[in-house]
1. Among the residues of region 131-142, write down those that are under 16 Å from residue 198 (Cα atoms) and either open to solvent by 10 Å² or more (accessible area, probe 1.4 Å) or of a type in the set (Asp, Glu) (or both).
2. If I go through region 63-75 residue by residue, how many of them are small (Gly, Ala, Ser) and either surrounded by 16 or more Cβ atoms within 10 Å (Cβ to Cβ) or at pLDDT below 90 (or both)?
3. Restricting to region 115-125, name every residue that is surrounded by fewer than 22 Cβ atoms within 10 Å (Cβ to Cβ) and touching an Asp or Glu at 6+ places or on another chain (Cβ under 9 Å).
4. Mind listing whichever residues of region 171-189 are open to solvent by 10 Å² or more (accessible area, probe 1.4 Å) and in contact with a Gly (Cβ under 9 Å, 6 or more places away or on another chain)?
5. Report yes if some residue within region 38-60 is aliphatic (A, V, I, L, M), open to solvent by 10 Å² or more (accessible area, probe 1.4 Å) and in a strand (DSSP E or B); otherwise report no.
6. What residue, among those in region 85-107 that are farther than 22 Å from residue 4 by Cβ and within 15 Å of the chain's Cα centre (by Cα), is most open to solvent (accessible area, probe 1.4 Å)?
7. Can you name the condition, by its number, that residue 128 falls short on among (1) of a type outside the set (D, E, K, R); (2) open to solvent by 50 Å² or more (accessible area, probe 1.4 Å); (3) on the phi < 0 side of the Ramachandran plot?
8. Does residue 181 meet the test of being of a type outside the set (Ser, Thr, Tyr), modelled with pLDDT of 95 or more and touching a Leu at 6+ places or on another chain (Cβ under 6 Å)?
Amino acid sequence: MRFAAFSNSGQDGLAVAGHDGHFHGFLYGDAGYPGPLDALIRKGGDALAAAADVLAKGDAIDLDQVMLRPPVAAPGKIICVGLNYVDHSIESGFTPPDYPTIFTRFTSSLIGSGAPITRPTVSTQLDYEGELVAIIGKKGRHIAEADALSHVMGYSIFNDASVRDYQKKSPQWTIGKNFDGTGAFGPFLVTADELPAGGKGLRIETRLNGVTVQHASTDDMVFSVAQLISILSEAITLLPGDIIVSGTPAGVGMARKPQLFMKHGDVCEVEIEGIGILRNRVEDE
């Protein structure tokens, strides 16, 4: 199943990809509207499948004519993983880690596909980072790696746009990773059964103004999705609707010579095989 959260004329809506190749759905207030994805994920069980059956009977939705929203509008936790591809660790001046490098984002930074990524007034060092997102569907703590993927209900795409000079102002990366309008997320939530287990073996590519700047396979991760879930759950209870942003491959603008940062008018696309293309224009604050 492939879901898209959207809004049209100020009303939120939800759509699902139908067998006819088109998205179908309803707006809030329509009799068939099943509720936001956040709520459906937290209901668990067959709530998503039941919603998909209802949405498929709705009107055709042209996603080019509506505003796409982040698939999960208000994750309880946005857990991000740094340095999770060997080549990216090396280009950033680090040894590939023995333990995941964890930081967090806030929901106030999230935007959907098609919304502008905001380049802040205080910096010109806005960088791109294409990443695979794992969306948690089942509560768990002390989760064995062998059981970890049963806690994933779906996958999406993230552009962890980073304000590099603010990221480096302190040993903690939080401020540089949380400027408003820098966390592009979407365009779809694709359920786990539609993809290889753990999202493994998927091509991930970032393009800036049509030029490929990152290209890798999710097989190149230092810590797999299953390993991340198991390790994180040693400390944290993972809940339905939490998301894990699993790290970016090599090719970031900060590490290039000369450096390549996003500027007003640029278009950044992150494409992950089997999921879709997250596309955002960059606009000055």
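1. Taking region 131-142 and keeping what is under 16 Å from residue 198 (Cα atoms), we get 131-138.
131, 137, 138, listed by residue number.
2. So the first thing to find is which residues in region 63-75 are small (Gly, Ala, Ser), and the list is 73-74.
So of that shortlist, the ones also either surrounded by 16 or more Cβ atoms within 10 Å (Cβ to Cβ) or at pLDDT below 90 (or both) come out as 73.
So the count comes out to 1.
3. Result: 116, 118, 120, 121, 122, 123, 124, 125.
4. 173, 188
5. yes
6. 106
7. It fails just one condition, (2).
8. Working: of a type outside the set (Ser, Thr, Tyr): yes; modelled with pLDDT of 95 or more: yes; touching a Leu at 6+ places or on another chain (Cβ under 6 Å): no.
No.
The values are calculated or read from the model by the stated rules, or taken from the named source; none is laboratory data. Nothing here was measured: the structure is a model prediction, and the numbers come from that model. Because the Cβ atoms are built from the backbone with ideal geometry, glycine has one as well, and the counts that use them run over all protein chains shown. What goes into the accessible areas is simple: the full protein's heavy atoms, side chains included, and nothing from ligands, DNA or RNA. Shrake-Rupley method; radii C 1.70, N 1.55, O 1.52, S 1.80 Å.
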